[in-house]
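Asks: Let me begin by handing over the structure; questions about it come next.
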């Protein structure tokens, strides 16, 4: 169940980002939190306090506009990086709260910020979780 909770944490982290404007292209286009969240796959990058191993940084979450998410975890197993079974989840965004439900467990995180390239979440234990678009 540690894998499920870690994966749910990943998803929540990705979904808790607060609406941000995205002016990267200079067009002044403002995207909603959900639009930013659903723009591709988010990979675990860093955790404070703590850290992710190179293997764990391959773990990812992908959100869809219809409120579903796919969680893909990787775990170190005796020196071998192993992909775990993919988990399907449901998520909701309420204000800056992201709630992810998968495998009978619910995880709530706070969305600190989200851009096209970076997702920052605060988990229920006070840890800051950072996701980006780069595997590993």
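The values are calculated or read from the model by the stated rules, or taken from the named source; none is laboratory data. Predicted model only: the values in this text are computed from it and were never measured. Every residue, glycine as well, gets a Cβ built from its backbone with ideal geometry; the counts of neighbours run over all protein chains shown.
Asks: Of all residues in the stretch 9-36 being part of a loop (DSSP other than H, G, I, E, B) and touching a strand residue (DSSP E or B) at 6+ places or on another chain (Cβ under 6 Å), which is modelled with the highest pLDDT?
Replies: 20
Asks: Now a separate question. Looking only at residues in the stretch 103-122 that are at pLDDT below 95 and touching a strand residue (DSSP E or B) at 6+ places or on another chain (Cβ under 8 Å), which one is surrounded by the fewest Cβ atoms within 10 Å (Cβ to Cβ)?
Replies: Only one residue tops the list, namely 103.
Asks: Looking only at residues that are more than 14 Å from the chain's Cα centre (by Cα) and within 17 Å of residue 47 (Cβ to Cβ) in the stretch 75-102, which one is surrounded by the most Cβ atoms within 10 Å (Cβ to Cβ)?
Replies: Top of the filtered list is 75.
Asks: So residue 108 clears everything in (1) on the phi > 0 side of the Ramachandran plot; (2) under 14 Å from the mean Cα position of the chain (by Cα) except one condition, right? Which one?
Replies: Going through (1) on the phi > 0 side of the Ramachandran plot; (2) under 14 Å from the mean Cα position of the chain (by Cα) one by one, residue 108 breaks only (1).
Asks: A further question follows. Taking the stretch 37-74 as the search range and keeping residues that are within 22 Å of residue 126 (Cβ to Cβ) and without any contact (Cβ under 8 Å) to a residue 60 or more places away in the chain, which one is surrounded by the most Cβ atoms within 10 Å (Cβ to Cβ)?
Replies: Among those residues, the one meeting the criterion is 59.
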